[in-house]
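Below is one structure, written out as structure tokens, with a few remarks after it.
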Amino acid sequence: MKARPHVTLEDVARSANVSLATASRVLNGTASVRADLRERVSAAAAELAYAPNAHAQALAGGTHRTVGVICHDVSDPYFAAIAGGVMRVATDNGLLVMLAGTFRDPDREVAYVSTLRAQRAAAILLIGSAFEDRAWERAMAAELEPYRRGGGQVAAVSRHRGLKIDTVQPDNKGGAAALAKELVGLGHKRFAVLAGPRRLSTVIDRLAGFSGELAAHGIELREEDVVEAAFSRDGGYEATKRLLTGRKRKLPTCLFAVTDVMAIGALTALREEGLSVPGDISVAGFDDIPVVRDLAPALTTVRLPLEELGERAMDLAIKGSAGTRPRTVRLSGEVVLRESTGRPKR
């Protein structure tokens, strides 16, 4: 069997036809396993050139001052700002940062974690949204748990419910609810939402907060009012085009994009269709990346302390955890009303 560029524990388990837990017990020596299963796992690991628990082996020989940072899209200003906070704290502590982008591929994220584990990184930071996927959770836990037992530190930005790791969590749900309340206060009653992939925890939380607050004011957000697209500028552009051409009902008076980069694409699509913002339709985003205050019109959004998210996550990783329970740091957002939203036409 030809090995992948880097072999994960999941690859070994699949090749040996055993569970992830069994493969982990064999390769990390955490519990006794039947002789036949142990032989199958060992044979698969040898065939695939898998390196078990390399981090723990490295700790015996010295300290490795490298931190691995895994994000979804290194070109997204949201991740760039968070990574900037990570790097500031890392530099102050004499740590070298390696940055990797997954393009929101869950298998690639697991493979990167496995690579960093084999490279004996002192800490691993996950600064993208978690995937609401049980298979991903199992594969990621199988890599992170032995890494942490061997002395590695792990922290994440955003909600990672299925993983027992320290997290810094922006209040995505509360921020979206606060934004909805402000928009309803301006007089809006017809809304549409540009949403990223709903398997991402960030999308789930922001959509739940926004729709929940609308419901509290007697406003229903229907399924046809939520357009799912890529978590990018082009995704926002394409979703807005679909929204404008595929509706049977009246257009919304307000469009909420779950990220600022999607809102930027939406503004371009609306301009191409001859619609004015906020005259014909209001637009709001989420994150407050630096560029949105310089748009024309400047974008209404929910401001998150992006650099602080990275700083706090790096702090958690450096200080480590004395207990067995994961630590959680919560940071709130702030609604910033700008020129892209106004009162709807009568």
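The values are calculated or read from the model by the stated rules, or taken from the named source; none is laboratory data. Here the structure is a predicted model, which means the values were calculated and not measured. Positions of Cβ are generated from backbone atoms using ideal geometry, with glycine treated the same way; all protein chains shown enter the neighbour counts. Protein only, heavy atoms only, side chains kept; ligands, DNA and RNA dropped before computing areas. Shrake-Rupley method; radii C 1.70, N 1.55, O 1.52, S 1.80 Å.
Per 0.36 nm of contour for each residue apart, how much would the distance between Glu224 and Thr328 grow if the chain were fully extended, relative to their Cα-Cα spacing? Mind dumping the intermediate values first?
On the way: separation 104, 0.36 × 104 = 37.44 nm, distance 3.53 nm.
Using 0.36 nm per residue and subtracting the Cα-Cα distance, I get 33.9 nm.
Between Thr245 and Arg346, residue separation times 0.36 nm minus the direct Cα-Cα distance comes to 34.1 nm. Projecting the alpha carbon convex hull of region 175-287 along each direction and taking the average yields 6.1 nm². Accessible surface computed residue by residue for region 96-205, with neighbouring protein chains in place and a 1.4 Å probe, gives 36 Å² per residue. Quotient of the Cα radius of gyration of the chain and 2.2 N^0.38 Å, N being its number of residues: 1.11.
Region 109-159 and region 204-261 have Cα centres spaced 32 Å apart.
On the accessible surface of the chain, probed at 1.4 Å, how many percent belong to carbon and sulfur atoms? Write down the numbers at each step before the final one.
Numbers: 7630 of 15590 Å².
Within the chain, the accessible surface is 49 percent carbon and sulfur.
Quick one: if the Förster radius is 35 Å, what FRET efficiency do Glu272 and Phe103 give, using the C-beta to C-beta distance and rounding to 0.05? According to the calculation, E is roughly 0.85. Taking label positions 7 Å along the Cα-Cβ direction at both His217 and Ala21, the computed distance is 4.8 nm, reported to one decimal.
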